[in-house]
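The values are calculated or read from the model by the stated rules, or taken from the named source; none is laboratory data. Treat the numbers as computed from the prediction; the structure is a model and nothing was measured. Glycine also receives a Cβ, built like all others from the backbone with ideal geometry; neighbour counts cover every protein chain displayed.
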Amino acid sequence: MDFETPSEYEPILDVVREFRRRELDPLEKEFLLAGEMDKETKLALELKARDVGLWALDVPEEEGGANLSLLAIAMIHAEICQNAIPFHFGGSPEPMLREASPEQKARYYDTVISGEKRSCYAFTEPDAGSDVQGIKTRAIKDGNDWVLNGTKIYITNAHMADYAFVYAVTDPAKRAKGGITCFMVDRGTPGFTIGNRIRTMGDGRDPYELVFQDCRVPEENILGELGFAFSMGDKQLTHGRVVLAAMCLGLAERSIAIATEWAKQRKAFGKTISQYQAIQWYLADSAVELEAAKMLVYKAAWLYDNDKPVRTEAHMAKLYAAEMAQRVTDRCIQVLGGLGYTLETPIQSMWRHARVKRIGHGTTEIHRWMIARSMLGM
């Protein structure tokens with residue numbers, strides 16, 4: 001086994017580090033105090049990243065992308081997430097669009113790569129998250145159109161999206177086994193509205209509600225095969241879980257670095273707190289857990305890149321990395337004491353970022369369930 005970072009990744013990781021230091025770090029303190037960043041600033045940062053080659057990371061070169069492996073993308077996200085600002089690199093269409101027809105690729109896939117459009121992923125509903133069977137949004141065929149009715153909730157980046165991937169029930173009898181279909185619904189389509197902004201405790205990550213009321217979507221906007229959206233989206237979720245797990249690595253690494261430096265400087269009872277065993281163990285446990293998470297995350301990415309079975313490994317990576325980031329950021333707040341609880345440090349923000357990662361792309365409980373099912377051959 002070779003545990004070295006592949007030499008071909010070093011140049012792009014250097015670019016990511018420099019981008020973070022030059023563009024994100026100067027904005028971090030203001031972001032922490034405000035708790036959010038305006039849409040215009042986010043878009044401007046995306047374009048600055050594009051200028052240095054950080055765009056369409058997983059898209060083939062012949063299609064206008066950087067053609068990076070999932071392992072490289074995971075390492076990039078581990079680097080960029082060492083800043084508290086929730087930054088996303090633009091230009092990468094949802095992997096599901098590989099299933100798109102040539103006409104659909106021209107309207108949706110190509111326009112994301114060019115920067116003309118952005119999308120959002122609308123699956124979760126008020127009564128359905130991890131439980132696919134609970135989806136209630138309904139699509140009924142009417143001539144050459146499908147009429148959608150229902151509500152989606154906790155939809156990330158909905159306010160910036162030009163179209164949404166909307167999961168709806170097309171055959172109530174089959175549901176997850178051939179009765180759920182994915183529709184691409186353009187913003188501005190009659191009957192499709194962006195509902196309430198849902199305020200959360202995570203900085204800069206407020207999701208939105210989507211409402212569909214007699215929303216007519218043409219037949220040609222079905223992505224993939226009618227009724228089989230769930231199986232089509234499974235690989236996308238695996239990809240997303242690895243990326244999300246990599247983000248957790250960045251949150252933990254930055255928190256450990258801050259806590260370590262503080263422990264060397266802060267004095268209590270005549271000596272630095274770094275000399276107390278309790279603090280040493282907080283830091284040591286955190287470092288060990290971070291390294292263990294890296295092994296799980298990067299192994300899952302490598303398996304994905306080499307077309308090997310990875311579904312269970314992605315569940316493991318996301319489960320452990322998210323739980324690890326929560327424990328590590330919490331310990332690091334404790335090391336900083338009262339300072340850790342203030343907006344003067346990014347650790348409190350990273351703790352809240354880590355908290356939602358134990359929910360998104362499958363809850364901790366769902367990942368444990370899926371891992372056990374795999375082990376038991378269920």
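Just to check your reading of the model, which residue among Y320, Y282, Y304 is under 16 Å from G250 (Cβ atoms), in the same structural domain as T260 (by TED's automatic domain parsing) and buried (at least 17 other Cβ atoms within 10 Å of the Cβ)?
Details: Y282 fails: under 16 Å from G250 (Cβ atoms); Y304 fails: under 16 Å from G250 (Cβ atoms).
One residue alone meets the criteria, Y320.
Could you list, in sequence order, all residues of region 352-374 that are hydrophobic (A, V, I, L, M, F, W, C) and free of Cβ contacts under 8 Å to residues at least 40 places away in the same chain?
Result: I359, W369, A372.
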Does any residue of region 148-164 turn out to be surrounded by fewer than 16 Cβ atoms within 10 Å (Cβ to Cβ), without any contact (Cβ under 8 Å) to a residue 60 or more places away in the chain and closer than 16 Å to I222 by Cβ?
no
Search region 105-131 for residues that are among the aliphatic types (A, V, I, L, M) and pair each with any residue that is surrounded by fewer than 19 Cβ atoms within 10 Å (Cβ to Cβ) when their beta-carbon atoms are under 6 Å apart and the residues are at least 6 apart or on different chains.
I113/G64; A128/G134
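In region 26-47, what residues are touching a helix residue (DSSP H, G or I) at 6+ places or on another chain (Cβ under 7 Å) and surrounded by 13 or more Cβ atoms within 10 Å (Cβ to Cβ)? Even if it seems obvious, please write down each step before you answer.
First, the residues of region 26-47 that are touching a helix residue (DSSP H, G or I) at 6+ places or on another chain (Cβ under 7 Å): 32, 37, 39, 45.
Residues satisfying the conditions are L32, M37, L45.
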Residue ID - farthest from M184 (Cα to Cα), chosen from residues in region 110-134 that are under 19 Å from the mean Cα position of the chain (by Cα) and assigned to a helix (DSSP H, G or I):
I113
Here the qualifying pairs (Cβ atoms under 7 Å; residues six or more apart or on different chains; first in region 4-15 and closer than 14 Å to L57 by Cα and not assigned by TED's automatic domain parsing to the domain that holds L54; second part of a loop (DSSP other than H, G, I, E, B) and among the aliphatic types (A, V, I, L, M)) come out as none
Can you find a residue that is modelled with pLDDT of 95 or more and hydroxyl-bearing (S, T, Y) anywhere in region 132-144?
yes
Condition set part of a helix (DSSP H, G or I) and of a type in the set (S, T, Y), scope region 248-279, selection surrounded by the most Cβ atoms within 10 Å (Cβ to Cβ): answer is S255
